[in-house]
Amino acid sequence: MMLRRHGLIEPYATPLEAMGAVFAVQTQYAASLPMALAVRTHGLKAGWHKKLAQNDLVKSWTLRHTLHAQSASDHDLFLAAAGQRMFDRYVQFMTRSGALDEKTLREMMDGILVALERGPLTRPEIHEHVPAWKEISWTGWGADVMGLAYLGKVKLLITDGGPTQFALHTAEAELEREEATQELVRRYFSNYGPATYADFNYWTGLPAGLTKAAFEAVKPELTPVEIEGIKGQRWVYRPEVTEDVPKVKLLAKFDPLTMGHKDKSLFLPEKYRTQVIRIAGQIEAAVLINGQMAGTWRLTRKGKGGEITVEPFTKIAKARFPAIEREARRVGKALGLNPIGVKTVSLD
């Protein structure tokens, strides 16, 4: 059911439907966004990702305090559940050393809002308008605009290359924090179940004190599930009766499926975990065969086309090669790459 909800069995009709299914796509690696949506959407033509309007998606710091893209409504939902909490922690971090007091911090944040009233700006342009930010550490990681993002007042523009730009944003929180957090539980276990509470808490990146009560409140609505060969009980929300398995899918770096569970044994054998989950937080692009990660892949661009190199964990049967090549061509076409070649690293 998880793979179906993710569009990995029957792709969605539009990228926005696919985005709604996974809730958010991590975008600290920019290429993850078009790749993650392309693999989940049917019939995309070259250039589709350039046509996504800025009002369709919001890029900001949300899940696990990292940059994600999501629909504006889902961004509002997450901020309603956790935005104020994340902002409070931001203020504590920024004022902890004593070099910056809260009053000054808020004045510097207000200066950013005034500057952005003139239109989108890059970070250097923001700092020219509010010079005090030039003296602050960690601005390259968002220390200047992150607090405003948590309040739903600033977003990052999704661009096809070039310097990062920031713009004003107006979040519309329709739910109170408790209701919004419970709705997050429903969304997660509907699209990422079967999963555990620990998986949900990992996915959000929020303190247990904020998520445990919501999980317990929604728990009566969840269906318990046990997976043969895997210890522990898991839950799903509104389970489907049957589940097919996709033959071959190429998942993006930081793909929502990979990032959606703390315990990844449902789709990634533990003995191969370190080949996908690398040091320094790097999450590799993975080859999904029959619902299980069977290797990693990388793309090398060559002119207008490219070559996908597959590095399997174990020897892949030759009968799988045509399916891998078809999937590579399908995704390559959606990303505007033509021709696209496929090479498999031999384990002999």
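Only the coordinates and a few stated rules stand behind these numbers; no lab work does. What you see is a predicted model; the values in this text were computed from it and never measured. No Cβ is skipped: glycine too gets one built from the backbone with ideal geometry, and neighbour counts run over all protein chains shown.
Which residues, taken from region 128-157, are of a type in the set (A, V, I, L, M, F, W, C), surrounded by 21 or more Cβ atoms within 10 Å (Cβ to Cβ) and part of a loop (DSSP other than H, G, I, E, B)? Answer for region 128-157, where residues must be of a type in the set (A, V, I, L, M, F, W, C), surrounded by 21 or more Cβ atoms within 10 Å (Cβ to Cβ) and part of a loop (DSSP other than H, G, I, E, B): just VAL145. Applying the condition of being in a loop (DSSP other than H, G, I, E, B) and small (Gly, Ala, Ser) to region 171-197 and asking which residue is surrounded by the fewest Cβ atoms within 10 Å (Cβ to Cβ) yields ALA173. At least 3 residues being free of Cβ contacts under 8 Å to residues at least 12 places away in the same chain and either closer than 21 Å to GLY147 by Cβ or out of contact with any strand residue (DSSP E or B) (no Cβ under 8 Å at 6 or more places or on another chain) (or both) is the threshold, and among the helices (runs of 4 or more DSSP H) wholly inside region 1-107 those reaching it are 72-95. Considered as a group, the residues in region 331-346 that are surrounded by 19 or more Cβ atoms within 10 Å (Cβ to Cβ) and not aliphatic (A, V, I, L, M) include one that is farthest from the chain's Cα centre (by Cα), and that residue is THR344.
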